[in-house]
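K.L.:
I'd like to ask some things about the structure below.
The values are calculated or read from the model by the stated rules, or taken from the named source; none is laboratory data. Fair warning: this is a prediction, and the values are worked out from it, not measured in the lab. When we count neighbours, we look across all protein chains shown, and the Cβ atoms used for this are built from the backbone with ideal geometry, even at glycine. These accessible areas exclude ligands, DNA and RNA; they are computed on the full protein's heavy atoms, side chains included. Shrake-Rupley method; radii C 1.70, N 1.55, O 1.52, S 1.80 Å.
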Amino acid sequence: MAAYHRQQPASAAAARASAPGVSQGLSVEFVLKSDPGLKRGHNEDFLGYSAPNSADEIRRRGWLFAVADGVGGQELGEVASRTAIETLTAGFGAAPLGDAHPSLLARLVQAANIKVYETGRATGPGGTAMATTLVACALRYDRAVVAHVGDSRCYLIRQGHAMALTRDHTVVNDQVRLGVMSVREAAKAETRHILSRSLGLDLFVSVDTSEHQVVNGDTLLLCSDGLHGAVSGAEIARTLASADLQTAADRLIELANEHDGSDNVSVLLVRVQSVERVGMYRGRPYKLR
Ligand code: MG
């Protein structure tokens, strides 16, 4: 899957109508790209997004981007990741305008969890265990809200540095946090890919969400472990510094395959072209003057 999109300001008329000094609103460009890698016959990663349909929706609903990395025998990983992304993006597009993103995303990830769980149960007597990671980023005004379960990541790339906005839900990472394993040991552990949380295994899942301010020129990267397991944050930042989004996405996949290639690799890049600055009071935006 490869696609390239550029979102212009809602309309030229709207942009012209804004008074001097007033922001023209949130505008983004983005690229989705996924590759099976060099050793796997099929791709269990899935990417998706939900785009606002009007100037009003840019302000009141915003954008949603998401990446999922499915796990399961045969083709069930593919079913799990696709089900999670489709449930999430459909739910975002149907949510009431103006819903606060942190609670909305937590709710939608929970709904996606139940859908994956039920889809697994429905495969036959006793059901089949299938699961997926999920990382989602919603953008509105000058805010990015990130929600995740599992080890797919969201990075913010700003001024040549890539910062992970998510913390992997893996068993070794939990052990590092508990102080029973060092970061160096964790990076080499054979069990480093074992997830401590994933979507679809239980009726309820604990979702991590965080909110971040974004500025013009920021790039957000959502990716599966096929990328971040093979390509460092420094390489990601370097790649993005010297290329347009499509070239950067192609190059990141190439790098992952050069360094490893044993897993599916997915990248979803979103560049913030302009933001609408707002203040927030109890989760509600107000205009800054
Ligand atoms: Mg993977």
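K.L.:
Let me confirm something: among Val79, Val71, which residue is in contact with a helix residue (DSSP H, G or I) (Cβ under 7 Å, 6 or more places away or on another chain), open to solvent by 50 Å² or more (accessible area, probe 1.4 Å), over 30 Å from Glu235 (Cα atoms) and within 16 Å of the ligand (Cβ to nearest atom)?
P.N.:
On the way: Val71 fails: over 30 Å from Glu235 (Cα atoms).
Answer to the check: Val79.
Residue by residue, here is whether (1) open to solvent by 10 Å² or more (accessible area, probe 1.4 Å); (2) aliphatic (A, V, I, L, M); (3) assigned to a strand (DSSP E or B) holds:
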| position | (1), (2), (3) |
| --- | --- |
| Ala90 | yes, yes, no |
| Asp99 | yes, no, no |
| Pro102 | yes, no, no |
| Ala111 | yes, yes, no |
| Ile114 | yes, yes, no |
| Tyr117 | yes, no, no |
| Val135 | no, yes, yes |
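K.L.:
While we're looking at this one, here's another question. Based on what the data block shows, is Arg277 modelled with pLDDT under 95 and among the basic types (Lys, Arg)? Before the answer, list the steps.
P.N.:
Values: modelled with pLDDT under 95: yes; among the basic types (Lys, Arg): yes.
Taking the combined requirement at face value, the residue satisfies it.
K.L.:
Sort through Val180, Val172, Val205 and tell me the only one that's among the aliphatic types (A, V, I, L, M), at pLDDT 90 or above, crowded, with 17+ Cβ neighbours inside 10 Å and out of contact with any strand residue (DSSP E or B) (no Cβ under 9 Å at 6 or more places or on another chain).
P.N.:
Val172
K.L.:
Please find, within segment 207-230, the residue that is nearest to the ligand (Cβ to nearest atom) out of those that are within 17 Å of the chain's Cα centre (by Cα) and part of a loop (DSSP other than H, G, I, E, B).
P.N.:
At the first step, the residues of segment 207-230 found to be within 17 Å of the chain's Cα centre (by Cα) are 207-214, 218-229.
In the following step, the residues that additionally are part of a loop (DSSP other than H, G, I, E, B) were identified as 207, 214, 218, 224, 229.
Details: Val207: 20, Val214: 27, Asp218: 25, Ser224: 5, Gly229: 8 Å.
Among those that are within 17 Å of the chain's Cα centre (by Cα) and part of a loop (DSSP other than H, G, I, E, B), it is Ser224.
K.L.:
What single numbered condition from (1) open to solvent by 10 Å² or more (accessible area, probe 1.4 Å); (2) over 17 Å from the mean Cα position of the chain (by Cα); (3) away from the ligand (no atom under 16 Å from the Cβ) fails to hold for Gly279?
P.N.:
(1)
K.L.:
When both residues are 6+ apart or on different chains and their Cβ atoms are under 7 Å apart, which pairs have a first residue that lies in segment 252-264 and is farther than 18 Å from Thr133 by Cβ and assigned to a loop (DSSP other than H, G, I, E, B), and a second that is away from the ligand (no atom under 14 Å from the Cβ) and of a type in the set (S, T, N, Q)?
P.N.:
Qualifying pairs under 7 Å: none.
K.L.:
While we're looking at this one, here's another question. Collect the residues in segment 48-74 that are assigned to a loop (DSSP other than H, G, I, E, B), in contact (Cβ under 8 Å) with a residue 40 or more places away in the chain and polar (S, T, N, Q), keeping them in residue-number order. Full working, then the answer.
P.N.:
Of the residues in segment 48-74, the ones assigned to a loop (DSSP other than H, G, I, E, B) are 51-54, 61-62, 72-74.
Filter again for in contact (Cβ under 8 Å) with a residue 40 or more places away in the chain, leaving 51, 54, 61-62, 72-73.
Residue satisfying the conditions is Ser54 alone.
K.L.:
Moving to a separate point now. Can you name the condition, by its number, that Glu190 falls short on among (1) part of a loop (DSSP other than H, G, I, E, B); (2) crowded, with 16+ Cβ neighbours inside 10 Å; (3) within 16 Å of the ligand (Cβ to nearest atom)?
P.N.:
(2)
K.L.:
Still on this model: For segment 129-154, what are the residues that are closer than 19 Å to Asp208 by Cα and within 16 Å of the ligand (Cβ to nearest atom)?
P.N.:
Ala131, Thr132, Thr133, Leu134, Val135, His148, Val149, Gly150, Asp151, Ser152, Arg153, Cys154
K.L.:
Can you tell me which residue among Ser27, Ser18, Ser50, Ser34 is closer than 15 Å to Val275 by Cβ, among the small types (Gly, Ala, Ser) and modelled with pLDDT of 50 or more?
P.N.:
Details: Ser18 fails: modelled with pLDDT of 50 or more; Ser50 fails: closer than 15 Å to Val275 by Cβ; Ser34 fails: closer than 15 Å to Val275 by Cβ.
Criteria check complete, one pass: Ser27.
K.L.:
Return only the number of the condition from (1) within 16 Å of the ligand (Cβ to nearest atom); (2) farther than 18 Å from Val231 by Cα; (3) in contact (Cβ under 8 Å) with a residue 60 or more places away in the chain; (4) open to solvent by 30 Å² or more (accessible area, probe 1.4 Å) that Gly41 does not satisfy.
P.N.:
Answer for Gly41: the failing condition is (3).
K.L.:
Out of all the residues in segment 244-262, is one or more closer than 20 Å to Ser27 by Cβ, surrounded by fewer than 20 Cβ atoms within 10 Å (Cβ to Cβ) and either within 13 Å of the ligand (Cβ to nearest atom) or of a type outside the set (Phe, Trp, Tyr) (or both)? Let's see the steps before the verdict.
P.N.:
Quick first cut of segment 244-262, residues closer than 20 Å to Ser27 by Cβ only: 244-246, 248-249.
Next, from what is left, pick out any that are surrounded by fewer than 20 Cβ atoms within 10 Å (Cβ to Cβ): 244, 246.
Add one more test, that the residue is either within 13 Å of the ligand (Cβ to nearest atom) or of a type outside the set (Phe, Trp, Tyr) (or both), and what stays is 244, 246.
Taking every residue of segment 244-262 in turn, at least one turns out to be closer than 20 Å to Ser27 by Cβ, surrounded by fewer than 20 Cβ atoms within 10 Å (Cβ to Cβ) and either within 13 Å of the ligand (Cβ to nearest atom) or of a type outside the set (Phe, Trp, Tyr) (or both).
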